[in-house]
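What follows is a set of notes on a single structure, which appears directly below.
The values are calculated or read from the model by the stated rules, or taken from the named source; none is laboratory data. Since we're looking at a predicted model, the values are computed, not measured. Backbone-built Cβ (ideal geometry, glycine too); neighbour counts: all protein chains shown. Just so you know, the surface numbers come from the protein's heavy atoms only, side chains and all, with ligands and any DNA or RNA stripped out. Shrake-Rupley method; radii C 1.70, N 1.55, O 1.52, S 1.80 Å.
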Amino acid sequence: MHYSSKLGLFLGPILFLILINLPLEIVSEQGDAVIAVALWMVIWWITDAVSISVTALLPLILFPLLKIMPIAEVGSNYGSPIIFLFFGGFVMALALEKVSLHKRIALNIIKITGTTPNKVVLGFMIATASLSMWISNTASTVVMLPIAMSVISLLIDDKDGFTKSDQNFALCVMLGIAFSANAGGIATVIGTPPNSVMIGLLENEYNIQISFLKWMVIGVPFSAIMIVLSYLVLVKLMFPNKQHAFTASKNVISDELKKLGPMSGKEKMVLRIFAITVFLWIFRTLINSLFPNLGLSDTIISIFAAISLFAIPYNLKKGDFILIWEDTSKLAWGILILFGGGLALAKGMSVSGIVDVVTNAIAASDISVLFTASLLIILMLFMTELMSNVALIAVLAPVVAGIAIGLKIPILYLLIPVTMASSCAFMLPMATPPNAIVFASGYIKVHQMVRAGILLNLIAVALLIVLFQFIIPLLF
């Protein structure tokens, strides 16, 4: 346990007790209690004193004891529909991984893109991003890393050894995988947890719904532009590669595909369920307009997919199913609890009047809307380099919503770019799991990640400001 974790473990509850017992009132008795709880949670989240998911359980005890909300009301946040949407997404990812379909998809994408070094980098980036839209960015990075390592190891063993060009190629592949895993997740609602926290907040607090397709209309183009720019920054600007071609990578990819063998029946079955789910997500509003009594929601579709993977037999005689309950031991249950904690905290801020205080303060001040939005995007993007983006969104999303109301602009205009900013951490190894995983490969030094990452962070800020100012008002 680090010194900072030990310090945080005691500092959180001590500051909480001090705030609770202060003789003066900051917002209101209830509001001050929520601020005290939020401060305790933030300190534990930043210092990693205990697991971030355990910290997310604090509102369940503290809110009822401090008379902020009854336990039934706090608990309902941990069972919000958005959490079940994500649960279904996690189960689908488990099935893709269990039958190795994710690996087959990734290898085929790399095979199509070509064999020159830069095309191989692009192939790895497209494959990682495509996976990251549907499975966690951590899982997509873990899948790509061994394939990338085997391509790089062939370069080390070739005639000219590990040249500067080889080194740059290895750097581009590794950083490309991390950056495209981060950016790829932004494309869909289930691609990265902050998206779901934001959509849950909008549904719970403001009764605003964003469908799976509507999010993709913004998320996919932004994601694609970020990946193209990351690719150009890496291979043209930061770590250019002078090699013309190498066949080694082609052999590695072919060998890996041969190892997988022909597509199995189970893979085909998972692919069918996956395709039907995505189809239903994309055409849900059209289906609902054709069948008005149906009332399909993204969560219902997600749970339908999850149940299908457990309940539709692959071989009835043998009692063989794609997934069995034991497989869910690999499920990211902690993230689901973290969502619940974030939604509970947002509800606490709302019922105690904190969001209203922020709203009124902003409304009374005379700040320009564009300046405020730009500041919030920059703040979120650089803070997420240092702490969990889900935890950060959990604390700041309700405040950002309050700021939007105070500025008299639709909540979505401000909340969408700020939420996207939380997934654009390209600079430090500890900022996101993909950054940490590729850093552990040994091919990247911190200063190299920072050099490429800071430029991409600034590009992301500029893109998000453009999105805020021109694109989102057209779509919503």
Query raised in the report: Is it the case that residue 242 is charged (D, E, K, R), touching a helix residue (DSSP H, G or I) at 6+ places or on another chain (Cβ under 7 Å) and modelled with pLDDT under 80?
Result: yes
**Report entry** Selected residue [out of contact with any strand residue (DSSP E or B) (no Cβ under 6 Å at 6 or more places or on another chain) and modelled with pLDDT of 90 or more] from 143, 74
**Finding:** 74
Query raised in the report: Is it true that residue 119 is touching a residue at least 24 places away in the same chain (Cβ under 8 Å) and of a type in the set (Lys, Arg)?
Result: no
Query raised in the report: Can you find even one residue in segment 265-275 that is out of contact with any Asp or Glu (no Cβ under 9 Å at 6 or more places or on another chain), within 25 Å of residue 200 (Cα to Cα) and without any contact (Cβ under 8 Å) to a residue 60 or more places away in the chain?
Result: yes
Query - Only listed residue being in contact with a helix residue (DSSP H, G or I) (Cβ under 6 Å, 6 or more places away or on another chain) and either outside any helix (DSSP H, G or I) or over 30 Å from residue 139 (Cβ atoms) (or both), chosen from 380, 387 - result: 387
Query raised in the report: Which ones in segment 48-74 are farther than 27 Å from residue 431 by Cα, of a type outside the set (A, V, I, L, M) and open to solvent by less than 30 Å² (accessible area, probe 1.4 Å)?
Result: 63
Requested in this report: For segment 146-154, state whether one or more residues are under 20 Å from residue 305 (Cβ atoms), modelled with pLDDT of 85 or more and open to solvent by 20 Å² or more (accessible area, probe 1.4 Å).
Outcome: no
**Report entry** Options 401, 363: the member that is part of a helix (DSSP H, G or I), small (Gly, Ala, Ser) and touching a Lys or Arg at 6+ places or on another chain (Cβ under 8 Å)
**Finding:** 363
Requested in this report: For segment 313-336, state whether one or more residues are small (Gly, Ala, Ser), in a helix (DSSP H, G or I), surrounded by 14 or more Cβ atoms within 10 Å (Cβ to Cβ) and at pLDDT 90 or above.
Outcome: no
Query raised in the report: Do we have any residue at all in segment 7-26 that's touching a Gly at 6+ places or on another chain (Cβ under 9 Å) and not aromatic (Phe, Trp, Tyr)?
Result: yes
**Report entry** Which numbered condition residue 242 misses (of (1) part of a loop (DSSP other than H, G, I, E, B); (2) open to solvent by less than 30 Å² (accessible area, probe 1.4 Å))
**Finding:** (2)
Query - Positions within segment 15-50 being over 32 Å from the mean Cα position of the chain (by Cα) and free of Cβ contacts under 8 Å to residues at least 60 places away in the same chain, in sequence order - result: 17, 18, 19, 20, 21, 22, 23, 24, 25, 26, 29
Query - Conditions (1) loosely packed, with under 13 Cβ neighbours inside 10 Å; (2) among the aliphatic types (A, V, I, L, M); (3) in contact with a strand residue (DSSP E or B) (Cβ under 7 Å, 6 or more places away or on another chain): number failed by residue 286 - result: (3)
Query raised in the report: Any residue at all in segment 422-443 that is farther than 30 Å from residue 166 by Cβ and either of a type in the set (Lys, Arg) or surrounded by 23 or more Cβ atoms within 10 Å (Cβ to Cβ) (or both)?
Result: yes
Requested in this report: Determine whether segment 12-27 contains at least one residue that is closer than 30 Å to residue 189 by Cα, open to solvent by 50 Å² or more (accessible area, probe 1.4 Å), out of contact with any helix residue (DSSP H, G or I) (no Cβ under 6 Å at 6 or more places or on another chain) and not aromatic (Phe, Trp, Tyr).
Outcome: no
